[in-house]
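Take a look at the structure set out below.
Read-outs throughout are calculated quantities, based only on the coordinates presented, and are distinct from any laboratory measurement. Keep in mind it's a predicted model, so treat the numbers as computed, not measured. Glycine also receives a Cβ, built like all others from the backbone with ideal geometry; neighbour counts cover every protein chain displayed.
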Amino acid sequence: MKSISPELSGNSQPSRALCRRAFLSSAASTCAIAPTVFSSLQLGSGTAALTKEERDHMTPSQVIEELKKGNERFRAGKMTSRNYLAEQRSSAAGQYPAAVILGCIDSRAPAEIIFDAGIGDVFNARIAGNVENEDLLGSMEFACAVAGAKLVLVLGHSACGAVKGAIDDVVLGNLTGLLARIKPAVSTTKFEGQKSSKNPAYVDSVARTNVALTVENIQRRSPTLADLAKKGTIQIVGAMYDLSTGVVEFTA
């Protein structure tokens, strides 16, 4: 893989965080240098974006746990008090997100909010039905192989309109081709009951299958990401967001 210039990656200069926050280095870390000890605070402190050093000392499993904690804060109404200007300024010289989230364009499922993350904490890719294509695969490869993100998260959600459209064989301009990417989930979902877009349980069951298939497709269609996952550098997982409860359930 050809190297990408620092100018393209956005990391031409090290960012200067206004405060310190991160995690203890994993005991299983294979780093040649002694692990640096950080204060243990949540992802997205509200006063600064992640630094490279902080992000690099996180494991993929720690990133998942931080996203879970952020979702808990969101549901409890105890979200981090943020100084977005401080986060913007601290990330201007470079970005070091811990995860790339492939989510749906649904206006009710904004990833940074439901995970209580700040500016510079996560890459956020959105497309109707949270499906992969060549452009998104390339974007995720950049996020992980170049920029250093530790996690690829495919985030589906309940009552997904794109899933309903795939179930109903909707035909509408360019949307037709996009919905075709979801139809394998429709045909492979095992469900006892009314298989209709008017049945919320069936729609959500298809959405879960769609998340699982997208995770599989990413691993199959991107040797770059599959290799990073095999080495343990990243994890590729799925999750479902419930619009009614605000709960994110990691599914794969």
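Among H57, H157, the order by Cβ neighbours within 10 angstrom, fewest to most, reads H57, H157. In plain terms, the residue of D204, D168 with the fewest other Cβ atoms within 10 Å comes first and the most crowded comes last, giving D168, D204. Classification of the stretch 62-162 by its C-alpha gyration tensor yields an oblate form. The axis ratio a/c (a ≥ b ≥ c) is 1.5 or more, and b/c is at least a/b. Let me know the shape class of the stretch 81-236, please: from the alpha-carbon gyration tensor, a ≥ b ≥ c as square roots of the eigenvalues, rounded when a/c is under 1.5, otherwise prolate if a/b is greater than b/c, or oblate. Judged from the Cα gyration tensor, the stretch 81-236 comes out prolate (a/c at least 1.5, a/b above b/c). A simple packing score, the average count of other Cβ atoms within 10 Å per residue, orders the peptides 83-89, 115-121 as 115-121, 83-89, with the highest score first. Placing +1 on each Lys and Arg Cβ and -1 on each Asp and Glu Cβ, with no other charges, gives the stretch 15-250 a dipole about its Cα centre of roughly 240 debye. When V63, V146 are sorted by how many other C-beta atoms sit within 10 angstrom of their C-beta, beginning with the fewest, the order is V146, V63. Excluding same-chain neighbours fewer than eight residues apart, the lysines reachable from K190 by a Cα-Cα span under 18 Å are K164, K198.
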